[in-house]
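Notes to accompany the following structure.
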């Protein structure tokens with residue numbers, strides 16, 4: 001019965017772009033790389049120094065889709081839960097990029113049910129995330145519109161100066177854009193403890209190197225250009241934040 005208990009928390013549904021057209025050799029490579037990335041994710045969760053209990057996280061894989069569910073308690077998630085989950089997703093996204101996998105996905109807050117024995121997860125949060133995970137025209141992870149409002153509610157009246165999350169107008173496949181809270185994965189390129197860049201290697205250069213290693217079928221090119229635009233926006237926001245912080249220190 002415990003396996004069917006209603007839980008409250010945060011769910012991410014992530015889709016590996018390009019995997020649907022893989023041949024046998026590519027599928028085998030994908031499965032091996034995916035396993036390494038998920039192992040690294042497991043280690044990241046375990047090393048969160050008490051921020052996230054490993055038993056609170058459930059991982060599910062369906063073909064080229066990964067679902068990560070974080071049970072936060074019956075009161076639902078509070079801001080530290082959201083920040084910790086976005087931090088985990090940022091690490092997962094970066095590790096995937098390093099290993100040659102690119103993901104698009106969405107994040108939702110709400111209730112869900114998990115039955116690990118039967119590999120089943122469903123509920124409000126899963127339905128919300130599943131409705132949006134493949135709608136964006138980019139490589140990245142964004143909160144659903146409902147969850148964006150829920151996160152903004154948690155942020156109201158509070159200062160938030162960490163770099164796991166960013167406000168951004170996410171480009172959609174229908175040509176429109178949707179304002180959302182997004183995982184600020186580009187920020188990781190600019191922090192020494194996380195950056196995938198070698199000494200002397202430019203951050204933007206490194207991103208372009210990662211992206212240029214992928215096949216770009218006709219009709220998918222805007223996903224890549226939109227991703228580069230987001231990277232540039234994140235870099236500008238981080239530079240603006242650091243400049244503002246420096247000014248504040250001068251006047252203390």
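The values are calculated or read from the model by the stated rules, or taken from the named source; none is laboratory data. A quick note: this is a predicted structure, and the numbers were derived from the prediction, not measured. Every residue, glycine as well, gets a Cβ built from its backbone with ideal geometry; the counts of neighbours run over all protein chains shown.
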TODO: Look at the stretch 50-82 and say how many of its residues are touching a residue at least 40 places away in the same chain (Cβ under 8 Å) and either closer than 14 Å to residue 38 by Cβ or buried (at least 19 other Cβ atoms within 10 Å of the Cβ) (or both).
DONE: 14
Open item on the list: Need the failing condition index for residue 48 against (1) over 22 Å from residue 5 (Cβ atoms); (2) in contact with a helix residue (DSSP H, G or I) (Cβ under 9 Å, 6 or more places away or on another chain); (3) modelled with pLDDT of 75 or more, just the number.
Closed with: (3)
Task: Failed item in (1) within 25 Å of residue 238 (Cβ to Cβ); (2) modelled with pLDDT under 95; (3) part of a helix (DSSP H, G or I), with residue 194 passing the rest - done: (3)
Task: Matching entry among 142, 81 (being at pLDDT 90 or above and not in a helix (DSSP H, G or I)) - done: 142
- [ ] State whether the residues of the stretch 152-164 include one that is modelled with pLDDT of 95 or more and assigned to a loop (DSSP other than H, G, I, E, B).
- [x] no
Task: Subset of the stretch 175-194 (residues that are within 19 Å of residue 240 (Cα to Cα) and over 16 Å from the mean Cα position of the chain (by Cα)) - done: 190, 191, 192
Open item on the list: Please pick out the residue among 134, 128 that is part of a loop (DSSP other than H, G, I, E, B), at negative phi and at pLDDT 90 or above.
Closed with: 134
Task: Any pair with Cβ under 6 angstrom, 6 or more apart, that starts in the stretch 31-42 at a residue that is assigned to a helix (DSSP H, G or I) and ends at one that is surrounded by fewer than 17 Cβ atoms within 10 Å (Cβ to Cβ) - done: 33/99; 37/99
Open item on the list: Condition (residue is touching a residue at least 12 places away in the same chain (Cβ under 8 Å), out of contact with any helix residue (DSSP H, G or I) (no Cβ under 6 Å at 6 or more places or on another chain), within 28 Å of residue 156 (Cα to Cα) and assigned to a loop (DSSP other than H, G, I, E, B)) applied to the stretch 104-111: is it met by at least one residue?
Closed with: no
TODO: Working carefully through the options 94, 101, find the one that is outside any helix (DSSP H, G or I), within 16 Å of the chain's Cα centre (by Cα) and closer than 19 Å to residue 194 by Cα.
DONE: 101
Task: Those residues of the stretch 131-150 which are buried (at least 18 other Cβ atoms within 10 Å of the Cβ) and within 21 Å of residue 58 (Cβ to Cβ), in sequence order - done: 132, 133, 141, 143, 144, 147, 150
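State yes or no: is residue 82 under 13 Å from the mean Cα position of the chain (by Cα) and under 29 Å from residue 189 (Cα atoms)?
Details: under 13 Å from the mean Cα position of the chain (by Cα): yes; under 29 Å from residue 189 (Cα atoms): yes.
The answer is yes for residue 82.
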